[in-house]
Amino acid sequence: MQAAGFHFGHDASGALVDGGGLRRFLDKERRSRVKHAIGLSADDLREILAGAGDDTLVGLSSTQGLPLFPDPGVGLTLDGGKSANAAAYFQRLPADHPYHKFITWMPDLAKRDGVLVEEGLFPHRSRLNEGANRSYETLGMVAGQFTRMAQSQQRDGTLTLDGQTYRARFYQHHFLHAQYAAWTGSPTAKSLVITGDGGIGPSFWGGGVYFWTPGEKLLPVTPSDAWLGWFYDTVSSMVGFGQSGGAGKLMGLAPYGRPLYLDASMIGTRLQVSDGYRLSMPQIIQRWLGKFGIDSTALPTWDLFKDRPPTVIADIAASAQLIIELNIQELARAAVAIAQRADFAFENITLSGGVALNCPANSNLAVTLNTPVLVPPAINDEGLSIAAAVAAYFDQTGAYPTAPRDYAEAAYIGSDVSQAEIEAAAATHGFTRATSKPSVQDAADALLRGDAVGVCVGRAEVGPRALGHRSILANPGLTDSWEAVNHLKLREPWRPFAPAVLKERSPDYFDRGPDESRFMLFNYRCNSKMLPATTHYDHSSRVQHVSPETGILYDVLVRLEQLGAPPVVLNTSFNGPGVPIVDSAEDAFAEAAKLGIKHILTDFGFYSAP
C-alpha cells in the first residue's frame, strides 16, 4: 500500500510513502531554483506517482488561504472547495506581496484554474473549548481532546492525472504541521505537539493548535489562538527586512539591542492583544510602540549592508524577540495544564510550524521545562507533503509508515548526486580533482588556511537549514571568517553564522542548551574564546551536533581535531542571495563559480578552481 502527499502552497513539495517509510521526496524550491516556490507541475506529480496503484490515496495541502493551482490538464475536485483562477488570485495581491516572486517558475500561470479550501470548513469550536481563547489561563482549562475535531480535519475529493483518477484528501494546515512533527520527531513516544506559524485565518485555527499523540495517533486538542508568527513577520517588515525571509534577520538582529519595549499587555492570546479581534497587526504594533513614544510608521531608514543597526531598531528587535519567547512559554504552560487535567502523560513536547524556527525561543523553552523539547528539520511548509502522505497512509491502513530510524534519515531525503554528475559539473565550471591526498585532508587543510569550502555530498537536506550536505564551511577560529563569508554570500555584515561540532565534544565549547541539536534549531552559549566567527554578539551560537550518520562533515571535524584544531566549523547554506540552497551537482559548481568559492568537497573527491 502506498500514499502520496502534495503541498501546493509556498515551499511546495511532494512525497510518497509505503509501509517501509518515505520512498520519494521532491522539493520544488530546490528543483525550480525559485525561493519558496508555490505550486507543482504535472511532471512533479508524475515523478512522485510513477508506478503508484489505483488504490493510492493522495493527501493534499496548501498554505492557509492559498488555492491549489495544478497544471492545465490535471483534474482536482474537493468537497466544499471553491473554484479559483490563478491570474485573478494573484492580481488581487498587492504588487509588493512576496507571493509574486514565488511563482516565477510558472510561465503559464494565467491558464491555471484551481480549488480553494477555506479554513472555515474545519470545525474548531465545541462547548468544551468555547471561550478558551480569552486568556492563557482559560486556555489551560480546556477539558481535553474532542472527537468532532479529530474526525473533521480533511475534505475528500479526486485528483486526475494522465487519465487516471486517484482518491484525494485535503488536510487542515496545522493538522499536517503536527503530523509531520509527530511522525518524524517522536514516532513512538507520547508527545504533546504545539504548532504555530504566520497564519491567522477566519478562525482561531489559523495561528496554532495543540495536539497530542496517545498510541501513535494524532489527536487535536484545541486551537491556541496563536498570533506570534504574524507579529514577528510584521515587525520584520516594519524595520526594513521585507515581507519574505525577514524573520530570520530580525532574530539575528535581536542580540544587538535591549528589550526596552517589553510590554506586559503583549503577553496574551490573539483575542487579548487585538482587543477582541478589532485591531489589525499593524495597529497592535503601533499601539505597542506608541506607549514608548515610538511612531512605528516613521522609523529611521538604514542601509542594511553599510550602516550599524540604529539603536531603536535593535531595541525593537530585542523587545519583539522577548515578547515571542514569553508568549511561547505561556503557550507551553497552557498545553501542559491541559494535558495534566486530561491525565495525558507525555514524554516530550514537539514544536512545528514556522514559529518553531525561532532558535532562541526553542532553547529558552528547552532549558525552562523539565520535559525534552523536539524540533524536526522541515517544520516549515516544506514538510507538509510528507505529513499529507503519512496521514493518507494512516487513513487507508490504520497504521503509520515506518518513521525515520535516526536524525540522518529524517534530514537527508532530498536529491542525490552521482559521480558522473559531479565530474561533468566540475569540468563545465573549470574545477579539477585533487589526487595528492585524501579529500577530507584537503578540506581540512583548506579550512585551516582560511579558505571557504563548499560541500555537495549525498542526498540534500530537507528544511531551511544546511546540515552538511549542501553547505559552505569556513574556519570558526579566524575572526575574519565571519566578515569574509558574509561578503562571499552578499549578506548583511551583522548577521551571525552557526557552528557544526562533534556531538561528543559540544560541551567543551557550548552550554545552556538541550542535550541534542541535530537540525541547527537551538541556541547555546559559547563558552570558548576559540570560535569568534560563530559566536554571536550576545555570546550565543546556533549549534548543529554532528555524528557519523551526518556523513563527510563528521570526517572533516575528526580530521581537524587530529590536526590540533577544535572539531568545529562554520556551517552556512550553499547559496547566494535570493536563490535556494543548491540541489544538483550542476547547481553547486555553478554557484561556487559565481560566488568565488574555490573548493568543493564531494563524496568522490576534492575539487578546486584555479
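The values are calculated or read from the model by the stated rules, or taken from the named source; none is laboratory data. On a predicted model such as this, the values are computed, not experimentally measured, just so you know. Backbone-built Cβ (ideal geometry, glycine too); neighbour counts: all protein chains shown. What goes into the accessible areas is simple: the full protein's heavy atoms, side chains included, and nothing from ligands, DNA or RNA. Shrake-Rupley method; radii C 1.70, N 1.55, O 1.52, S 1.80 Å.
Of note:
- Taking each of 28/217; 35/111; 35/291; 306/594; 35/594; 101/291 in turn, the alpha-carbon distance tops 26 angstrom for 28/217; 35/291; 101/291.
- Residues whose amide H lies under 5 Å from that of residue 540, counting only those 5 or more places away or on a different chain, are 526; hydrogens are built 1.01 Å from N in the peptide plane.
- Computed FRET value (nearest 0.05) for residue 291 with residue 368, which takes r as the C-beta separation and R₀ as 22 Å: 0.20
- Here the chain is treated with +1 on each Lys and Arg Cβ and -1 on each Asp and Glu Cβ, and its dipole about the Cα centre works out to around 920 debye.
- Label-point separation in nm, residue 108 to residue 347, each point 7 Å along Cα→Cβ: 4.8
- Rounded percent of accessible protein surface that carbon and sulfur make up, segment 222-322, 1.4 Å probe: 53
- Membrane-span-like helices in the chain, defined purely by DSSP H runs whose alpha carbon atoms cover 27 Å or more axially and whose average Kyte-Doolittle hydropathy reaches -0.5, are 311-341.
- With the whole protein complex present, residue 210 retains an accessible surface near 0 Å², based on a 1.4 Å probe.
- By the helix-only formula, in which each DSSP H run with n ≥ 4 contributes -39500 (n - 2.57) and the sum is divided by residues, the chain has a 222 nm mean residue ellipticity of -9000 deg cm²/dmol.
- Residue 251 sits with roughly 30 Å² accessible to a 1.4 Å probe, with DNA, RNA and ligands left out of the calculation.
- FRET efficiency estimate (nearest 0.05) - Cβ-Cβ, residue 562 to residue 87, R0 60 angstrom: 0.50
- Relative contact order computed over segment 420-502 (Cα-Cα under 8 Å; 6+ residues apart), in percent: 19
- The chain: relative contact order as a whole-number percent, Cα under 8 Å and 6+ apart: 15
- Option label - log10 I(q)/I(0) by the Debye sum over Cα atoms at q = 0.08, 0.10, 0.11 Å⁻¹ computed here, alternatives (i) -0.75, -1.14, -1.30; (ii) -0.54, -0.87, -1.07; (iii) -0.81, -1.03, -1.16: (ii)
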